[in-house]
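Taken together, the values in this text are just the output of simple stated rules run on the coordinates, not laboratory data. Note that this is a predicted model, so its numbers are computed, not measured. In this analysis, Cβ positions are derived from the backbone assuming ideal geometry, glycine residues included, and neighbour counts consider all displayed protein chains.
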Amino acid sequence: MAKMVVTDQGGQTHEIEGRAGLKIMETLREYDYGVTAICGGLCSCATCHVFVEPEWLTRLPAPQSDEKDLLVELQHYDPERSRLSCQVEFTEALDGLTLTVAPEE
């Protein structure tokens, strides 16, 4: 099974099992790492904001305009690493994906 390496809001790093076919947010919200996903993945709240390590960004689909619009409004937005985890489907090709849960806004 493919893994993700996640650093939570408290700075602790965890290796967790990723589930192919689900949005990254769906896996992260099951843990107490800081992803609340209040809107349930509708790309309307940004409570699933994560920082993806740069070497992984080219393997992810490009963000759509609605995701970009939300991200740029965030206090902790990082144009080099910010993504909404509700907008990225986990696949076996993402085995080892490394990300950090963004601070709460």
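R0 = 35 Å: FRET efficiency of residue 3 with residue 69, Cβ-based, nearest 0.05?
Given R0 = 35 Å and the Cβ-Cβ separation, E is 0.65.
Once you've got the GNM for the chain with C-alpha springs shorter than 10 Å, pick whichever of 84, 42, 71 has the biggest mean-square fluctuation.
42
Under the rule a/c < 1.5 gives rounded, and otherwise a/b versus b/c splits prolate from oblate, where does the chain land using the Cα gyration tensor?
Rounded, since a/c falls under 1.5.
Output the relative contact order of the chain, whole-number percent, from Cα pairs under 8 angstrom with separation of 6+ residues.
About 42 percent, as a whole number.
With a 10 Å cut-off between alpha carbons and a GNM built on the chain, which of 44, 82, 65 moves the most?
Highest fluctuation among the options: 65.
Is there a quick way to get the dipole size of segment 3-101? I mean about its Cα centre, with the Cβ of Lys and Arg at +1 and of Asp and Glu at -1; what is the value in debye to the nearest 20?
Its charge dipole is roughly 100 debye.
Please list, by residue number, every one of the chymotrypsin sites (Phe, Trp or Tyr not before Pro) in segment 1-78 that is coil in DSSP and has at most 15 other beta-carbon atoms within 10 Å.
31
Considering only 58, 91, 47, give the residue with the highest GNM mean-square fluctuation for the chain, with springs between Cα atoms whenever their separation is below 10 Å.
In this elastic network of the chain, the residue with the biggest mean-square fluctuation among 58, 91, 47 is 58.
Report, in deg cm²/dmol and to the nearest 500, the calculated mean residue ellipticity at 222 nm for the chain, where each DSSP H run with n ≥ 4 adds -39500 (n - 2.57) and the sum is divided by the residue count.
-3000 deg cm²/dmol
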